[in-house]
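Working notes, structure below.
The numbers here are math on the coordinates, done by the rules we state, and not lab data. Just so we're clear, the structure is a prediction, and the values are computed from it rather than from any experiment. Cβ coordinates were reconstructed from backbone atoms using ideal geometry, including for glycine residues, and neighbour counts include every protein chain displayed.
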Amino acid sequence: MTYDPDFDGVQVAKGGVEPTTMDPYEIGWYIESADEEIYGPVSRRTLRQFLEDRTITPNTLVRHCTQPEARPAADQPTIMEQLSLDAKGSALGDRLAEAWPRRKRDQLALAEDSLPCAWHNRPAVLVCVRCHAPYCNRCRAKPFRKQFFLCRRCQVGMWNRRVVAMIFDICMFLYFPIIVAGIIAGAVFGAGETVASLLIFIIDLIGVGLLFVRDSLLRGAGLGKRSAGLRVVQSRDGKTPLTIGQGVLRWLSQFVPIFNLVDAAAAYSDPLLRRYGDRWAGTRVIDTEKKLAKDRDKIARRLIKRGVQLPPKFGLTMEGLARLV
Ligand SMILES: [Zn+2]
Ligand SMILES: [Zn+2]
């Protein structure tokens, strides 16, 4: 885990023209109340306010949107360091259920601070684990009740790239060879002949077989994924390419009619980007390092124009995200 609890907040660069280094922990906190409801996101300022007025206690579990799991507020140095001693004392339970505002606008006010959304002219409320951009409510992946690690652009973008890669591979391994084999067999043996049909059938079988192992044989990314900047890793460590067995298992779900559509769409709204096939096989699809670096660089340049500079590293890495279950 590369989360740095000692990140020391906003640093204003000298000269006044250089951008301010973004403090990702300024926004994007979720609170788990004693009644097991999850509230948020809220800004760090709100969290500190809640601690000071005893709405929550130092034992209340809180999680930054780039952290893998919730921890007591007292164990989050970035929250506690500027608190009065009084608020650090222990107390019983929390009063979040009664203190939490009903109106959406008031809830939003608790979430916003000075960081701007990378795409809209409004304050950000969360930070994306993939592109590292701070983003506003409009850029959140839906449904809101799920706690997504990625902004909507990244969540939908990953899904689109996977679908395109899959269609490419299916055409490449199934339709293209069948059409070519059909034309050749038809020309040599005559259309409708048994030998021609048999040949097409054999080519078809080989194609299906190759589809199962295409990613495993090419170190985690078949042709489609490779060109889309994706790779399949084992969730065990988030980096080793999938095995042949996992390749077969994760593709079985695609051979059940109708369920294959549900399966393909599942990764779209899963915060951990899993199809059912991925859950069965213990695999995750993530970006290649090159693609990730390129996309982060694009966002970094976009933010510089808005006067915000990204810190070099923070929160979960994508490999760390792939290890979550
Ligand atoms: Zn993003
Ligand atoms: Zn936005």
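Going by average Cβ density within 10 Å per residue, which order do the peptides 281-289, 127-135 take, highest to lowest?
Result, highest mean Cβ count within 10 Å first: 127-135, 281-289.
Based on C-alpha pairs under 8 angstrom that are at least 6 apart in sequence, region 155-287 has a relative contact order of 24 percent.
What percent do you get for the relative contact order of the chain when only Cα pairs under 8 Å and 6+ apart count?
18 percent
Between residue 102 and residue 114, residue separation times 0.36 nm minus the direct Cα-Cα distance comes to 2.0 nm. Building the convex hull from the alpha-carbon atoms of region 254-325 and averaging its projection over directions returns 6.2 nm².
Between the Cα long axis of helix 194-217 and the first principal axis of the chain there is an angle of about 30°, rounded to the nearest 10. If you bin all the Cα-Cα distances of region 100-196 at 10 Å, starting from zero, the percentages per bin are 14, 27, 17, 11, 10, 11, 7, 2.
Calculate, in whole percent, how much of the Cα-Cα pair population of region 52-146 lies beyond 21 Å.
44 percent
Size descriptors for region 155-287: radius of gyration and Dmax over Cα atoms are 16.4, 53 Å. P(r) tail for the chain, what percent of Cα pairs lie past 31 Å? That tail contains 43 percent of the Cα-Cα pairs.
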